[in-house]
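Structure, as C-alpha cells:
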Amino acid sequence: MTMMRGVCAAGLAAILTTGAAGVVAAADAPKRGGTLTYVIPADGPPSFDGHRETTFATVHATAPFYSVLIRINPNDPGSTTDFVCDLCTQMPKPTDDGKTWTFKIRQDVKWHDGSPLTAYDVATSWQYVVRPPEGMTSARASYFVMVDKVEAPDASTVVFRLKFATDAFLPGLADPFAYVYKKDILEKDPHWYEKNIMGSGPFKFASYDVGQSVKGVRNDDYYRKGQPYLDGIVGLFAPKQAVRVDAMRADRASLEFRGLPPSARDQLVKELGDKLTVQTSDWNCGNLITINHKKKPFDDVRVRRALALAIDQWNGAPALAKIANVHTVGGVVFPGSPLAAKKEELQKLTGFWPDINKSRAEAKRLLKEAGVEGMSFELVNRNIDQPYKFVGTWVIDEWSKVGLKVNQRVVPTGPWYEAMRGGTFDVVVEANCQGVVNPLMDVGKYLPHAVYTENYGQYEDQKEIDIYNAMIRETDFAKQRALIRQFETHVLDTEAHAIQVLWWSRIIPARSYVKGWKISPSHFVNQDLANVWLDK
Amino acid sequence: MYRYIINRLVLVIPTLVGAAALVFALMRLIPGDICVVRLASGGGTFNAHAVAVCHAEVGLDQSVPVQFVNFVIGLFRFDFGPSMWSGKPVSEEILARLPISLEVALLATVIAVLIAIPLGTISALKQNSWTDVVVRTVAIAGIATPSFWLGILVILAILDITQAISGTPWMPPIDYVSLWDDPIRNLSIVICPAVTVGYRYSAVTMRMTRSAMLEVLREDYIRTARAKGLIEKLVVNRHALKNALLPVVTLIGIEFAFLIGGLVVTEQVFNLNGIGRLFVLAVQNQDYTLTQALVMLTVVVFVLCNLIVDVLYAWLDPRIRYA
C-alpha cells in the first residue's frame with residue numbers, strides 16, 4: 001500500500017482504484033472505440049523530441065505515437081522493477097559479467113509510413129540518446145555513463161555494451177522519453193523530430209494546433225494485436241487548474257495525467273460522486289532543501305544539522321497532505337523502492353527522529369554552540385504553488401520553533417535557477433523529480449557539483465563520491481542496499497548537505513468510464529495509452 | 001488629413017525602435033536563462049555542454065550588441081526569427097493566436113459599446129434619478145470586479161445552472177475552433193470571455209459617456225438648440241452625444257488596444273490560447289525573440305488605434321483639422 005494509496009475525500013463517494021481494484025478492472029473485457037480526451041497542464045511542448053526535452057508536456061503529447069525498447073509493465077506500472085519489452089521480443093539476461101545486453105527486436109513492427117522498423121532504427125535512436133552528435137542535446141545522456149557502445153549487428157538484434165555492470169542500466173533503458181526514431185530520418189536531419197512526429201506507436205499523429213490540442217488516430221497496423229482500443233486521442237492543453245477541473249466536471253475531458261492537488265480531487269469527488277475514480281500513488285518527486293555551503297554560517301555542519309532537526313516531518317506529512325501534493329516521509333530513495341530506507345532506518349537520521357522535542361532541543365543546542373541562535377536568513381522558493389510554496393511556508397514555520405527567523409523570497413523559474421546556479425542564495429527549496437524509479441541515478445542530485453553539475457549546494461565531498469562509485473557498481477542487492485544506506489547517512493546526517501523533505505503524492509482523478517490506465521510513480525511513465533479503453 | 005496620417009505612420013518608426021531598444025534591454029536584465037529553464041523544466045539533468053549547444057541554437061552565444069543589431073535588422077524586415085522556446089517562426093506563433101484575441105477584443109468592444117453608450121447617455125439625461133443610481137452602481141461594480149474573477153464565476157454559474165436544469169453540468173468547449181470552421185461552436189467559446197471583459201470595459205466607458213454627456217448638456221449650444229424648439233431626440237443624438245463621444249472614442253481605442261495583448265488572466269480562465277497567454281509564456285520562459293515581437297505588436301496596435309481615434313475625432317468634430 002505504500003505505492004498505491006487509496007484516498008477518501010470528505011467521506012464522499014469515490015471509487016478508489018487501488019491495486020486490488022485494478023484486479024477487478026482487469027476482469028472487464030476492454031471495449032473498442034471512442035476517443036479519449038485528456039487535458040495536459042501546459043501551454044504546449046517546447047518541441048516534440050523526447051530525446052531532447054524533459055517536460056511532461058512533450059511526453060503526454062507525443063508518447064502515444066512512439067514505441068520504446070523496454071518499459072515499465074503497463075499493467076503493473078506501480079512496480080519499480082517490473083520491466084517488460086515493447087519493441088524487443090524478450091527481456092534478456094546480461095552476459096559478459098553483466099556488461100553485455102542483447103535485445104532481439106520484433107519483426108512485425110511498422111512505422112506509421114508503412115516501412116518496417118528494424119534493429120538499426122533502435123540502435124541509432126539509442127546512440128543519439130546516449131551520445132548525441134555534435135550540435136544535438138540529449139536530456140538524459142548522463143543516465144548512460146555506463147554505456148560504452150550501442151550496436152546493431154543485424155536487422156533484428158541490438159547490443160548494448162557497458163563499461164561496467166550496474167543495476168542502474170535497465171531502469172534507464174525503460175526511459176519513457178527514449179522514443180525509437182527512424183534511422184533514415186535521423187541521419188538526414190537530426191532536428192526533424194523536434195517539429196514532426198512519425199513513430200511506430202499505437203496511435204498515428206493526426207494534428208497539432210499550437211497551444212491548443214494534439215490529436216491522434218488508431219494505428220491499425222500496431223504490433224500488439226487488438227490494441228489500441230481507442231479510435232483516437234485528443235490532448236487539450238490547459239495550463240490553468242480551474243479549467244482542467246471544470247472540464248472534467250463537464251466531461252469536456254476525461255482526465256489529466258500529471259496530477260491534481262487534494263483540493264481539486266475533493267471538489268471533483270463531491271461534484272461527480274461515482275462518476276469519478278481516483279488513483280493515487282507516491283510520486284518519484286520530492287522536495288529538498290538545499291543549503292548553500294559557501295554562505296556563512298551554513299558552512300558549519302552544526303547549523304545545517306540544526307535546520308534538519310527543527311523540521312517535524314512525521315507530524316507535518318499527514319497535515320500537509322490534506323492541502324498539498326505531498327505525502328510520504330522518506331530518505332534519498334523513492335519510498336516505494338526496495339532500496340528505500342525503512343522507517344526504523346530513517347528515524348536514526350538527522351531530521352527524522354521520532355521525538356520532535358528531543359530533535360528541536362538538539363537543534364537549539366547546535367545553533368547555540370555555533371553561535372547563531374535566533375539567526376535570520378532567506379529561503380528562496382519557486383513561484384509554483386504545488387507543492388513548493390506549501391513546503392516553503394511549512395519549513396519556515398518549523399524553523400521558527402527553534403528561534404530562526406526566515407524570510408521567504410518567491411521568484412519565477414528563471415530567477416530561481418539563476419539564484420541556484422549563481423550560488424547567491426542562503427537556502428533554497430528545490431525538487432528532485434525523476435521518471436522511472438532508478439535509485440542509483442535518482443540520488444545523483446545529492447552528488448557534489450564536480451560530479452553532478454545541477455547540485456547547487458556549493459560543496460565538494462570526495463568521500464560521498466567514493467561511496468557513490470561503489471554503490472553504482474555494486475550489483476548484489478544486499479550490498480547495494482547497505483551502500484545506499486551509507487550514502488544516505490553521509491548526505492543527510494553526517495554532513496547534512498541537504499534536507500530531504502516530503503515526497504510528493506500523485507493524485508489522478510478520472511471519469512469512471514476510463515479503463516485500463518493505471519497510475520505509476522511518475523507522470524512520465526505509462527503514457528502510450530494503448531491499453532486505455534472507454535466503458536461507455 | 002492624408003498628410004497627417006502619413007506623418008503619424010512615419011512617426012511609428014522611432015516609436016518602434018525606442019520600444020525595441022527598451023524591451024531588448026529589459027528582457028536581458030531579468031535574471032535567468034531560457035536554456036536552463038528549458039533543459040531543467042521537467043526535473044531532468046543537464047550539463048554545461050547541453051546549455052552551450054542550446055545557447056548556440058538560440059543565438060545567445062553571440063554578444064549582446066550583435067544580438068541587438070540582428071534584432072533591429074529583423075525588425076525592419078518584419079522577420080523576428082524563430083521563437084527561442086519552440087523553434088517555430090515568431091510570426092507563426094503569433095498568427096496562430098492573434099485571431100482569438102482579436103475576436104474576443106472585437107466582440108467585447110461591441111458588447112461594451114452597446115451597453116455603455118445608451119446607458120451612459122440615459123444616466124446623464126436622468127441625472128440623480130433612480131435610473132442613474134442603478135446605472136452608476138452597475139458601472140462601479142464593473143470597474144471593481146476583476147474580469148478573471150467574474151470569468152470564474154460565470155463558468156461556475158454555467159456549470160451549476162446546467163447541472164440543476166439537466167442533471168449534467170455543461171461548459172463551453174475549451175479548444176478553440178475558428179469562426180469560419182464552426183461559427184456556433186466558436187461563438188460558444190468566445191461569448192463568455194467577451195461578455196466578462198465587455199462588462200468591465202462597458203463600465204469604464206459608461207462612466208466616461210455619462211460625465212462627458214453631463215458636461216456637454218450644460219453647454220450653450222445645447223441650450224440654444226433647445227431654445228429654438230429642436231426636439232429632445234435630435235438635441236441629444238445630433239448635438240450632445242456626437243460631441244460627448246470624443247473622450248469616449250479615445251477610451252474605446254485605448255481599451256481595444258489593451259485587449260489585444262492584455263487579456264492575460266481572462267485567457268487563462270477560459271483556456272483561450274490568445275496573445276495574452278502567449279505573452280505570459282514568453283516572459284516566463286525568457287523567450288527574448290517572442291517577447292520582443294509581442295511588444296512590437298502591442299506598440300503597433302496602440303499606434304494604429306490612436307491613429308484611428310484621431311481620424312474619428314475629425315469626423316465627430318468638424319472643427320478639428322489636422323492639416
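The values are calculated or read from the model by the stated rules, or taken from the named source; none is laboratory data. This one's a predicted model, so the numbers in the text were calculated from it and none came from an experiment. Using ideal geometry, Cβ is built from the backbone for each residue, glycine included, and neighbour counts are taken over all protein chains shown.
Residues of the range A:80-101 that are under 24 Å from A:Trp283 (Cα atoms), in contact (Cβ under 8 Å) with a residue 12 or more places away in the chain and not aromatic (Phe, Trp, Tyr): A:Thr80, A:Thr81, A:Val84, A:Cys85, A:Asp86. The helices (runs of 4 or more DSSP H) falling completely within the range A:352-464 that include 1 or more residues that are away from chain B (no Cβ under 13 Å) and touching a strand residue (DSSP E or B) at 6+ places or on another chain (Cβ under 6 Å) map to A:390-400.
For the range B:33-46, the count of residues that are modelled with pLDDT under 85, among the charged types (D, E, K, R) and under 29 Å from A:Gln434 (Cβ atoms) is at least one.
Condition first: over 18 Å from B:Tyr288 (Cβ atoms) and away from chain A (no Cβ under 14 Å). Can you find one or more residues in the range B:15-37 that meet it?
yes
Close Cβ contacts (under 9 Å, 6 or more residues apart or on different chains) running from residues in the range A:228-257 that are more than 24 Å from A:Tyr66 (Cβ to Cβ) to residues that are among the hydroxyl-bearing types (Ser, Thr, Tyr) comprise A:Ala247/A:Thr37; A:Met248/A:Ser254; A:Ala250/B:Thr162; A:Ala250/B:Thr168; A:Asp251/A:Thr37; A:Asp251/B:Thr168; A:Arg252/A:Thr37. Every listed requirement among (1) of a type outside the set (Gly, Ala, Ser); (2) surrounded by fewer than 20 Cβ atoms within 10 Å (Cβ to Cβ); (3) closer than 22 Å to B:Glu103 by Cα is met by B:Pro318 save one, (3). Exactly one residue among B:Val113, B:Val90 is within 14 Å of chain A (Cβ to nearest Cβ) and surrounded by 16 or more Cβ atoms within 10 Å (Cβ to Cβ), and that residue is B:Val90. Please determine, by comparing only the residues of the range A:474-503 that are assigned to a helix (DSSP H, G or I) and charged (D, E, K, R), which one is surrounded by the most Cβ atoms within 10 Å (Cβ to Cβ). So, considering only residues that are assigned to a helix (DSSP H, G or I) and charged (D, E, K, R), the one surrounded by the most Cβ atoms within 10 Å (Cβ to Cβ) is A:Glu488.
Scanning the range A:43-69 for residues that are part of a loop (DSSP other than H, G, I, E, B) and farther than 20 Å from A:Lys240 by Cβ returns A:Ser47, A:Phe48, A:Asp49, A:Gly50, A:His51, A:Arg52, A:Glu53, A:Thr54, A:Tyr66, A:Ser67, A:Val68, A:Leu69.
Number of residues in the range B:163-188 that are of a type outside the set (Lys, Arg), away from every other protein chain (no Cβ under 11 Å) and assigned to a helix (DSSP H, G or I): the value is 8.
Scanning the range A:102-126 for residues that are assigned to a strand (DSSP E or B) and touching a residue at least 12 places away in the same chain (Cβ under 8 Å) gives A:Thr102, A:Phe103, A:Lys104, A:Ile105, A:Lys110.
Residues of the range B:69-113 that are acidic (Asp, Glu), within 28 Å of A:Met136 (Cβ to Cβ) and assigned to a helix (DSSP H, G or I): B:Glu92, B:Glu93. Of all residues in the range B:11-31, those that are modelled with pLDDT under 85, within 11 Å of B:Val303 (Cβ to Cβ) and either loosely packed, with under 13 Cβ neighbours inside 10 Å or hydrophobic (A, V, I, L, M, F, W, C) (or both) total 4.
Residues considered: B:Ile143, B:Ile189. Of these, the only one that is under 17 Å from B:Val265 (Cα atoms), in contact (Cβ under 8 Å) with a residue 60 or more places away in the chain and buried (at least 19 other Cβ atoms within 10 Å of the Cβ) is B:Ile189.
Exactly one residue out of A:Tyr120, A:Tyr128 is away from chain B (no Cβ under 14 Å) and closer than 23 Å to A:Ile185 by Cβ: that is A:Tyr120.
Taken across the range B:259-271, residues that are among the hydrophobic types (A, V, I, L, M, F, W, C), at negative phi, surrounded by fewer than 21 Cβ atoms within 10 Å (Cβ to Cβ) and more than 14 Å from chain A (Cβ to nearest Cβ) do not occur at all.
Scanning the range A:165-191 for residues that are within 14 Å of chain B (Cβ to nearest Cβ), surrounded by 17 or more Cβ atoms within 10 Å (Cβ to Cβ) and either part of a loop (DSSP other than H, G, I, E, B) or free of Cβ contacts under 8 Å to residues at least 40 places away in the same chain (or both) yields a count of 6. Looking only at the range B:247-255, decide whether some residue is free of Cβ contacts under 8 Å to residues at least 40 places away in the same chain, away from chain A (no Cβ under 14 Å) and within 19 Å of B:Val309 (Cα to Cα). Yes; the residues of the range B:247-255 include at least one that is free of Cβ contacts under 8 Å to residues at least 40 places away in the same chain, away from chain A (no Cβ under 14 Å) and within 19 Å of B:Val309 (Cα to Cα).
Give me the residue from the range A:217-263 that is part of a helix (DSSP H, G or I) and away from chain B (no Cβ under 14 Å) and, out of that set, surrounded by the fewest Cβ atoms within 10 Å (Cβ to Cβ). Out of the qualifying residues, it is A:Ser263.
For the range A:299-319, a tally of residues being within 20 Å of A:Glu344 (Cβ to Cβ) and β-branched (Val, Ile, Thr) returns 1. Scanning the range A:192-212 for residues that are at pLDDT 95 or above, touching a Leu at 6+ places or on another chain (Cβ under 8 Å) and within 14 Å of another protein chain (Cβ to nearest Cβ) yields a count of 2.
So if I check each of B:Tyr221, B:Tyr201, which one is closer than 26 Å to B:Asp132 by Cα and crowded, with 22+ Cβ neighbours inside 10 Å? Outline the logic, then answer.
On the way: B:Tyr221 fails: crowded, with 22+ Cβ neighbours inside 10 Å.
When all the criteria are applied, what remains is B:Tyr201.
Residues checked against (1) β-branched (Val, Ile, Thr); (2) at pLDDT 95 or above:
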{"position": "A:Arg244", "(1), (2)": "no, yes"}
{"position": "A:Leu268", "(1), (2)": "no, yes"}
{"position": "A:Thr277", "(1), (2)": "yes, yes"}
{"position": "A:Trp283", "(1), (2)": "no, yes"}
{"position": "A:Gly286", "(1), (2)": "no, no"}
{"position": "A:Thr290", "(1), (2)": "yes, yes"}
{"position": "A:Asp299", "(1), (2)": "no, yes"}
{"position": "A:Arg305", "(1), (2)": "no, yes"}
{"position": "A:Ala341", "(1), (2)": "no, yes"}
